[in-house]
Amino acid sequence: MSATSTDRLRRRFLLAAGGAVLLPRARLALATGPQRRVVVLGAGWGGLAAARALRRQLPDAEVVVVDRAARFFSLPQSTAWLVGRDDHGPPEHDLAAAARRGGYRFVQSEVTSVDRRRRTVATSAGMLRYDWLVVAPGIREDTLPWVDGDPEAAAHLARDFSAGFADADGARALKARLEAFAGGEVVVSIPAGPARCPPAPYERVLALAWWFGQRRLKTTITVLDAGGGIAGFRQAFEDQFPETIRFMPRTAIRRVDPASRRVLTDFDELRFDQALLAAPQRAGALAGMLGLLAPGADGRDGHWAAVEPLTLRSRADERVFVVGDAAGEASPLFGHYPKTGHMAARQGAIAAAAIAAAARGDEAEPTLPDSVCFVHHSLEPPELTRIATRYRIRGDGEIVQEVDQRRINQPRGEAQAWAREMLRDALGLL
Ligand SMILES: Cc1cc2nc3c(=O)[nH]c(=O)nc-3n(C[C@H](O)[C@H](O)[C@H](O)COP(=O)(O)OP(=O)(O)OC[C@H]3O[C@@H](n4cnc5c(N)ncnc54)[C@H](O)[C@@H]3O)c2cc1C
């Protein structure tokens with residue numbers, strides 16, 4: 001069979017599959033050719049924004065997005081959904097449909113390894129060659145130190161007591177647990193940074209306290225905060241739910257026994273009926289698997305990917321870009337860029353521009369990202385805080401961060417409008 005008829009067949013197969021490409025190994029091997037290909041690992045905020053921008057900026061290249069999940073799940077909208085304040089169903093979108101609309105390929109499969117020297121990605125659906133790779137795996141939570149390295153206890157913890165911050169499965173499992181909850185002691189932990197959307201755990205505590213009250217459940221929520229907390233939220237806890245929320249700043253978890261439902265801190269042992277335990281966060285496992293992590297203080301692999309902050313190019317490999325929450329320090333002045341969906345999407349677009357420039361044999365104009373985040377500091381009456389983050393480059397070349405935080409006491413759908421705009425314009429999901 002000639003190359004062209006093979007190509008025609010392949011195209012017909014892809015069309016029949018409706019854009020979701022699940023090819024056997026042999027087929028995927030055939031799917032490589034002279035056309036340049038960018039493979040995007042992870043179809044979250046960073047990965048989808050990169051794919052969309054690549055499609056526009058590098059129209060001749062093939063763009064392939066790989067994710068283990070079939071559906072995008074919007075964590076920023078998950079708290080409202082968890083406590084029944086959003087009756088549109090789970091905040092999910094079909095990834096194959098988005099790929100069809102966006103003109104890129106979607107491969108639903110687990111990425112199992114990457115050979116950076118050969119520029120190939122191994123997935124559970126077969127092998128993919130790439131010219132450039134965008135790595136957007138989000139975060140993982142490091143619970144092992146809490147359970148003395150016991151993988152079974154870690155799996156038990158993830159299944160039954162996760163805070164639902166890392167991924168859709170955790171959020172869905174949390175929803176089922178909360179709906180079955182009949183009252184009692186709840187323990188919520190808040191990890192030290194860097195962590196995704198730092199105000200989100202506090203907003204979730206307020207939402208839970210409000211929701212338990214609506215359901216007339218007798219509950220105490222003990223918040224174990226590894227840091228010092230956020231002043232506005234500490235005030236909101238005291239003003240709105242003095243009987244329900246017990247806030248314990250600078251209280252890190254040392255051990256968890258999921259079987260007996262006990263948490264040990266430096267000061268106390270607490271028993272719980274239900275728990276939302278958020279462990280310290282690290283770059284998604286793919287970053288470590290690819291050898292992209294910045295060294296830690298001891299010289300061994302650290303927790304986050306080393307990137308050039310103006311292009312998101314990996315410091316380990318010029319053909320690889322790491323975007324979103326997995327990316328590490330951007331500046332000694334403020335540390336990491338905020339780990340938000342908005343920021344991940346901006347970074348995806350910046351990496352796409354850098355790849356398009358590299359494909360032309362050029363250098364991209366340095367572009368700084370930005371981030372906007374809305375959180376409720378009261379649910380009834382609804383009151384929001386808007387946190388906007390901008391950047392500029394100082395005379396000595398360091399990136400400077402400017403944060404603008406303001407309260408919106410009579411919101412008119414600002415948070416919903418932000419989510420709609422991001423999902424439609426940056427991610428191409430609506
Ligand atoms: C409760 C909560 C509220 C939040 N609120 C806001 C907010 O108001 N505004 C805001 O901007 N941000 C908010 N965020 C943060 C936002 O959700 C994250 O910053 C964003 O999801 C990061 O995007 P990402 O692309 O880096 O990772 P993700 O969105 O987590 O995407 C990573 C993807 O990679 C895939 N993946 C990982 N490893 C593999 C593998 N080996 N094989 C195949 N696929 C893989 C995963 O399935 C996933 O789809 C909130 C987060 C939480 C938890």
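The values are calculated or read from the model by the stated rules, or taken from the named source; none is laboratory data. Owing to the predicted nature of the structure, the values given are computational and were not obtained by experimental measurement. Reconstructed Cβ throughout: ideal geometry from the backbone, glycine too, with neighbour counts over all protein chains shown.
Details
- For the stretch 285-299, the set of residues classified as without any contact (Cβ under 8 Å) to a residue 40 or more places away in the chain and either in contact with a strand residue (DSSP E or B) (Cβ under 9 Å, 6 or more places away or on another chain) or buried (at least 22 other Cβ atoms within 10 Å of the Cβ) (or both) consists of 288, 293, 294, 295, 296, listed by residue number.
Conditions (1) in the same structural domain as residue 41 (by TED's automatic domain parsing); (2) buried (at least 21 other Cβ atoms within 10 Å of the Cβ), marked per residue:
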{"site": "125", "(1), (2)": "yes, no"}
{"site": "131", "(1), (2)": "yes, no"}
{"site": "134", "(1), (2)": "yes, yes"}
{"site": "149", "(1), (2)": "no, no"}
{"site": "162", "(1), (2)": "no, yes"}
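- Output for the stretch 233-272, where each listed residue is over 28 Å from the mean Cα position of the chain (by Cα), among the charged types (D, E, K, R) and part of a loop (DSSP other than H, G, I, E, B): 243, 266, 268
- Close Cβ contacts (under 8 Å, 6 or more residues apart or on different chains) running from residues in the stretch 332-345 that are farther than 13 Å from residue 375 by Cβ to residues that are within 6 Å of the ligand (Cβ to nearest atom) and charged (D, E, K, R) comprise 339/196; 339/325; 344/325.
- Counting only strands (runs of 3 or more DSSP E) that sit wholly inside the stretch 357-430, those with at least 3 residues that are in contact with a Pro (Cβ under 8 Å, 6 or more places away or on another chain) are 371-379, 382-393.
- Search result, residues across the stretch 144-165 that are within 16 Å of the ligand (Cβ to nearest atom) and either on the phi > 0 side of the Ramachandran plot or touching a residue at least 60 places away in the same chain (Cβ under 8 Å) (or both): 161, 162, 163, 164, 165
- Strands (runs of 3 or more DSSP E) contained entirely in the stretch 60-122, each with at least 2 residues that are touching a residue at least 12 places away in the same chain (Cβ under 8 Å) and polar (S, T, N, Q): 111-115
- Residue ID - nearest to the chain's Cα centre (by Cα), chosen from residues in the stretch 60-93 that are at pLDDT 95 or above and either in the same structural domain as residue 170 (by TED's automatic domain parsing) or more than 13 Å from the ligand (Cβ to nearest atom) (or both): 63
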